[in-house]
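The values are calculated or read from the model by the stated rules, or taken from the named source; none is laboratory data. All values derive from a computational prediction rather than experimental measurement. Here Cβ is always computed from backbone atoms with ideal geometry, including for glycine, and neighbour counts include all displayed protein chains. Remember, those area values only see protein heavy atoms, side chains included, never the ligands or the DNA or RNA. Shrake-Rupley method; radii C 1.70, N 1.55, O 1.52, S 1.80 Å.
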Amino acid sequence: MAVRRERRAGEQRAAAETFPARLKMRVHRVRTAVRKSGVDYFRGDGSDWIALAGLLLTVPLITLCTILDPVWCTPTVLVLPIVAGGLVLRPASLLGLYAAAAAALIVESVQLGPYSQRAAGVTPGTVLTVAACGFFGLLIAQFRSRVGVPWRRGGTMLFDLRERIRTQSRLPKLPPGWHREMALRPAGGQSFSGDFVVAARTHNGRTLEVVLTDVSGKGMDAASRALLLAGAFSGLLGSLPPHAFLPAANGYLLRQDWDEGFATSIHLVLDLESGDYELYSAGHPPGLQLSAGTGRWEEKAAEGPLLGVYDGAEFDATKGTLRPGDVLMLFTDGLVETSERDIAEGIDRLTGEADRYVQGGFHGAAWHLIEAVAKDVNDDRALLLICRDQ
């Protein structure tokens, strides 16, 4: 048996060392390397030699067209590969492209003759235009290199950032008899907001915990801090007792040591079986509860300082109960407070608009309420509705 195994192993080695087998192995390695290079290039991790080679080929082509017909293809057309290079090349490769463009300008100047004798020649303005485009392209390439984000990944990362914020702001499904919805409108029509929501169902799904936070600043300026805090708050939510959440969030915010590091937040802890809830606030506007029995809105204000202001802050809860037909509304200050009106006036306007939905129900009302109350406000706006069906 041992002799047979050795003979079979020898035959397999001999078959593997044949020319067709070696050729097949090399082709497989080349295909793997090309595929990996293509994937890395698409992700922005690979070499930029492909883009550099393509742009270098366009330089002599443009030069030839300029020499043949300088009216339709003027010498300033060289700015096209230079601008493209600033977007796709690394600074070292960009210098090689600039050298090729400078050589092309020299060739064009010699072939077209003095600009004083020919209107389509290489003028000092042409040289300055190409040089200026090259300078700004080099600045863009150096900034991109310093940040470490290739241009092909920049837009993808921003898209991923926006989708992560939206995913973290999704509310969990509630059992029959409950309805929830949220609307978020960033300042200036942007895709990023300093307002965010994190939510989870705890205690085997019996309890709904929701945290609505308004980070200082607005739009893109607050989006990066909002994303960081959303991830941290999402990890804390459900891992701590409700009364310990805001103190832990306050400590986390203080440790960041941001220049503009405060935030307001409101934390809802709702028992989905009984309807009892606790509301903790950190400098946030009060919640509003609609009582189905009276048809009136009641403010639910809890005591607590802003997050990120001082250590050892305490947060006291206010309690309530959502009975069948009741609605609880949480919102950020951008919805009710502007430079032209105070928060009390804004709350009156919000409740006045919300009264229109009492008879027909609040399904789909969150977005329409923002449109009616604070459509043109240059601030982040968020509105959360929790309804207990009758």
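Please label the shape of the range 175-324 as rounded, prolate or oblate, based on the square roots a ≥ b ≥ c of the eigenvalues of the alpha-carbon gyration tensor (a/c under 1.5 means rounded; beyond that, a/b larger than b/c means prolate, else oblate).
In terms of gyration-tensor shape, prolate.
State whether the range 285-365 is rounded, prolate or oblate according to the following rule on the C-alpha gyration tensor (a ≥ b ≥ c being the square roots of its eigenvalues): a/c under 1.5 gives rounded; otherwise a/b larger than b/c gives prolate, and the remaining case gives oblate. The partial results should precede the final answer.
Values: a/c = 2.67, a/b = 1.45, b/c = 1.84.
It comes out oblate by the Cα gyration axes.
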Query - Exposure of residue 258 as accessible area (Å², to 10), given a probe of 1.4 Å and all protein chains - result: 70
Query raised in the report: Probe 1.4 Å, all protein chains in place: accessible area of residue 25 in Å², nearest 10?
Result: 100
Query raised in the report: What is the spin-label model distance, in nm, from residue 239 to residue 321 if the labels are put 7 Å beyond Cα along the C-beta direction?
Result: 3.5
Query - residue 53/residue 178 FRET efficiency (R0 56 Å; Cβ-Cβ; nearest 0.05) - result: 0.40
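Run the accessible area of the range 181-272 with a 1.4 Å probe and give the carbon-and-sulfur part as a rounded percent. Mind dumping the intermediate values first?
Details: 1700 of 3480 Å².
C and S atoms contribute 49 percent here.
Starting from the Cα-Cα distance between residue 390 and residue 299, subtract it from 0.36 nm times their residue separation and give me the gain in nm to one decimal. Each step should come with its number before you reach the end.
Working: separation 91, 0.36 × 91 = 32.76 nm, distance 2.15 nm.
That pair, residue 390 and residue 299, stretches by 30.6 nm at full extension.
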Query raised in the report: Heavy-atom accessible area of residue 82 with all protein chains present, probe 1.4 Å, nearest 10 Å²?
Result: 0
Requested in this report: With a point put 7 Å past each Cα toward its Cβ, work out how far residue 206 is from residue 339 in nm, to one decimal.
Outcome: 5.1
Report task. Calculate one ³J(HN,Hα) per residue across the range 236-252 by plugging θ = phi - 60° into the Karplus curve 6.51 cos²θ - 1.76 cosθ + 1.60, and present them in order as whole Hz with x for glycine and proline. Result -> 6, 5, x, 8, 10, x, x, 5, 9, 5, 5, x, 5, 5, 5, x, 5
